[in-house]
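Right, one structure below, let's go through it.
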Amino acid sequence: KEIMQFVESENSKSKVQMSIHNFTDMCFKKCNKDKPILSADLNSGEEQCLTNCLNRFLDTNIRVVQALQGVQK
Amino acid sequence: KEIMQFVESENSKSKVQMSIHNFTDMCFKKCNKDKPILSADLNSGEEQCLTNCLNRFLDTNIRVVQALQGVQK
Amino acid sequence: KEIMQFVESENSKSKVQMSIHNFTDMCFKKCNKDKPILSADLNSGEEQCLTNCLNRFLDTNIRVVQALQGVQK
Amino acid sequence: QISQELAVLNATALVDKITENCFEKCIHDPQASISPQQSGCVDQCLGKYLRSWNVISKSYITRIQQSSSNPSNGI
Amino acid sequence: QISQELAVLNATALVDKITENCFEKCIHDPQASISPQQSGCVDQCLGKYLRSWNVISKSYITRIQQSSSNPSNGI
Amino acid sequence: QISQELAVLNATALVDKITENCFEKCIHDPQASISPQQSGCVDQCLGKYLRSWNVISKSYITRIQQSSSNPSNGI
């Protein structure tokens, strides 16, 4: 039983990690679109863009899920 | 034996479903390229674009398969 | 034991094949960007572009791996 | 139970594709909150995507049926 | 039999990539049928893709062999 | 051992995404060798990507924790 719990927790850890990879990929592309890379640092505008990108993507996701649940009813 | 048939039919159903997801994704992108979303409806031009996109994609696929079979001979 | 070796060698062959598919896809896109397809042949400039694309991609990959190994230390 | 898992997989794929496409189409410049204009766009985009999915499904099934009655027509 | 499955997988991947790339390159505005110009483009695109696949295969194998004789050169 | 495999998978995904994004951003026109300018760009891009990954990780974990204490906020 403990092994099952361990496997399950590793499993969900892995899903979170893969989501983080996909979100970083998508938001890095969106926040650096049509801009050259000029520094290894993130300025405050870039950091804000990344956080907003992630949160607005998750908002969109929730809106889509709720709308589809509404359609189903 | 019936179980095998059931699994196989579910399997091919799942392949068709995944193909439909990929075709919708590709043709939605192609038919809405450089255009803003202005309505939840499809006008007749948009519906035609989607059907044409799917059928010309499948035509291309057949042409590629036939050409590669020709190369192999 | 021979079966294991066979499976392993097939496995790594399959990885190389999938890498070749991904590199061809990426470099075909890069070397034909914003250009129409005007011939089934590759001229010497196009062939050079493909080889350079592959080798500079692998250089980039090595640089990233080495930098991340440096970060870890 | 297999059919059920399939339905879940199918719904998940649909949610993921709609989210990705409508985020891309509607939210070019992500701000501290979604504007009413952006969320209106997401709703319209979602409707258009579902209708597109219906059109593609029907056309694809039709094409599969045609090609199975006339194999030279391919898949 | 494993080798055979591998060959099928390999051929399927090639067909999928060529179809996707050549549809994208040749058919910008899908109409009720493929025009002679578009199908000519698909044929040329298909030839160019196969030749590109050959160039990449050879260059990659060469690079792998170089790096296994000189490991500091990476993979 | 499962945790170890997970760490390897995670590192591999990170290397792949960085390579793909930084090759795309820094090497538009691949030449016979990487120029000093291009390799400088790759180094900066790599640093920026890692910092971006950190920002996204923190924001995502925060969001997951918020939504588990307030389920109406979604996932």
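The values are calculated or read from the model by the stated rules, or taken from the named source; none is laboratory data. The structure presented is a predicted model; accordingly, all values stated were derived computationally and were not measured. With ideal geometry, Cβ positions are generated from the backbone for all residues, glycine too; neighbour counts draw on all protein chains shown. To get the accessible areas, we keep the full protein, side chains included, count just its heavy atoms, and leave off ligands, DNA and RNA. Shrake-Rupley method; radii C 1.70, N 1.55, O 1.52, S 1.80 Å.
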Notebook entry, point to check: Distance in nm between label sites at residue A:2 and residue B:4, each 7 Å beyond Cα in the beta-carbon direction?
Noted result: 4.3
Checklist line | Cα→Cβ-extended label distance, 7 Å offset, between residue F:69 and residue E:68, nm | finding: 5.5
Notebook entry, point to check: Taking Cα centroids, how far is segment D:1-38 from segment B:1-65 in Å?
Noted result: 17
Notebook entry, point to check: What nm distances, shortest first, do you get from the label point of residue A:35 to those in the other copies when the point sits 7 angstrom along Cα to Cβ?
Noted result: 3.2, 3.2
Next item on the list: May I ask you to report, in nm to one decimal and beginning with the shortest, the distances from residue D:6 to the same position in the other copies, taking label points 7 Å along Cα-to-Cβ?
Entry: 3.2, 3.2
Margin query: Against the empirical 2.2 N^0.38 Å scaling, what ratio does the C-alpha Rg of segment E:2-70 come to?
Written below: 1.48
Margin query: Among E:62, E:4, E:39, whose Cα projects farthest towards the positive end of the dipole of chain E, with charges put on the beta-carbon of Lys, Arg (+1) and Asp, Glu (-1)?
Written below: E:62
Item checked: Bins of 5 Å, starting at 0 and running to the largest distance - Cα pair percent for chain C -> 3, 13, 14, 16, 14, 13, 12, 8, 4, 2, 0
Check: From the label point of residue C:4, set 7 Å from Cα along Cα→Cβ, how far away are the matching label points in the other copies, in nm, ordered shortest to longest?
Finding: 3.1, 3.2
Check: Taking R0 as 25 Å, what's the FRET efficiency between residue F:3 and residue F:50 from their Cβ-Cβ distance, rounded to 0.05?
Finding: 0.70
Notebook entry, point to check: Cα axis of helix E:2-26 to longest principal axis of chain E: angle in degrees, 0 to 90, nearest 10?
Noted result: 50
Note to self: Is there a quick way to get the dipole size of the protein assembly as shown? I mean about its Cα centre, with the Cβ of Lys and Arg at +1 and of Asp and Glu at -1; what is the value in debye to the nearest 20?
What the structure shows: 280
Notebook entry, point to check: Quick one: helix E:36-69 against the long Cα principal axis of chain E, what's the angle to the nearest 10°, folded into 0 to 90?
Noted result: 10
Check: Using a 1.4 Å probe on the protein chains only, how many percent of the accessible area of segment C:2-72 belongs to carbon and sulfur?
Finding: 53
Check: Which whole-Hz ³J(HN,Hα) couplings does segment A:23-31 yield from phi under the Karplus relation 6.51 cos²θ - 1.76 cosθ + 1.60, θ = phi - 60°, glycine and proline marked x?
Finding: 5, 4, 4, 5, 6, 4, 4, 5, 7
Margin query: Let me check against my output: what whole-number percent is the relative contact order of chain F, with C-alpha pairs under 8 Å and at least 6 apart?
Written below: 21
Notebook entry, point to check: Mind checking which of C:42, C:58, C:50 has the largest fluctuation in a GNM of chain C, springs on alpha carbons under 10 Å?
Noted result: C:42
Notebook entry, point to check: Which whole-Hz couplings ³J(HN,Hα) result when phi for each residue of segment C:40-57 is put into the Karplus expression 6.51 cos²θ - 1.76 cosθ + 1.60, θ = phi - 60°, listed in order with x for Gly and Pro?
Noted result: 7, 7, 9, 7, 5, x, 5, 5, 4, 4, 5, 4, 4, 4, 4, 5, 6, 5
Checklist line | Residue-averaged [θ]222 nm for the protein assembly as shown, counting only DSSP H segments that reach four residues, each worth -39500 (n - 2.57) | finding: -28500 deg cm²/dmol
Margin query: Using the Cα centre of segment A:2-72 as the reference point, and only Cβ charges (+1 on K/R, -1 on D/E), how large is the resulting charge dipole? Debye, rounded to the nearest 20.
Written below: 340
Check: Can you give the mean number of other chain Cβ atoms that lie within 10 Å of the Cβ atoms in peptide E:3-10?
Finding: 3
